[in-house]
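In what follows, a single structure is set out as structure tokens and then discussed.
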Amino acid sequence: MLFHKLSATVFGIGYIGKGGGTVAAFFCAICWYLAWHENYNAVYSVCITVVIIGLGIWNGNMVEPIWGKDHGRVVIDEVAGMCITLLFIPVTIKYVLAGLILFRFFDIIKPLFIRKLELLPGGWGVMMDDVLAGVYANIILQGIVILHLF
């Protein structure tokens, strides 16, 4: 169970309390930039993202009986959403920060069916709203990149 608590909280970030999701997303953005800014590898980044999503679903299923449905301590979903946001995007500080802002917007506001995905059972409900928020943020970020808006 310790493994699930550590990974669900992203090494304890989830224990911060209010704002833990933003801290986890920021942590992911920093890690993504450091890992890929010199040599982006799309295959590895997709594989890592898929593993994080699968781990998040598993963790959600394991910690829900202890902490309750989609508890605030669980922030691996924010990491997965940030990874999806940044897939196939040039790894520059401006795009990573824009991705962070877009993802947090969609994750907090939850428009366009995102909120409905929270109703899915167990770890699926924990993860899928953030996955969709990441997809929406990625689509907008792709447009920003293609149109050279900055």
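Here are a few things to note about the model shown:
- Note on region 126-144: residues that are buried (at least 19 other Cβ atoms within 10 Å of the Cβ) and in contact (Cβ under 8 Å) with a residue 12 or more places away in the chain total 12.
Results for (1) in contact (Cβ under 8 Å) with a residue 60 or more places away in the chain; (2) open to solvent by less than 60 Å² (accessible area, probe 1.4 Å), shown as yes or no for each residue.
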residue	(1), (2)
K18	no, no
G21	yes, yes
F26	yes, no
N39	no, no
V43	no, no
I52	no, yes
D70	no, yes
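- When we screen I57, I108, I84 for residues that are out of contact with any Gly (no Cβ under 7 Å at 6 or more places or on another chain) and either assigned to a helix (DSSP H, G or I) or touching a residue at least 60 places away in the same chain (Cβ under 8 Å) (or both), the only hit is I108.
The values are calculated or read from the model by the stated rules, or taken from the named source; none is laboratory data. Note that the structure is predicted; figures quoted are calculated from it, not measured. Reconstructed Cβ throughout: ideal geometry from the backbone, glycine too, with neighbour counts over all protein chains shown. For accessibility, only protein heavy atoms count, side chains too; no ligands or nucleic acids. Shrake-Rupley method; radii C 1.70, N 1.55, O 1.52, S 1.80 Å.
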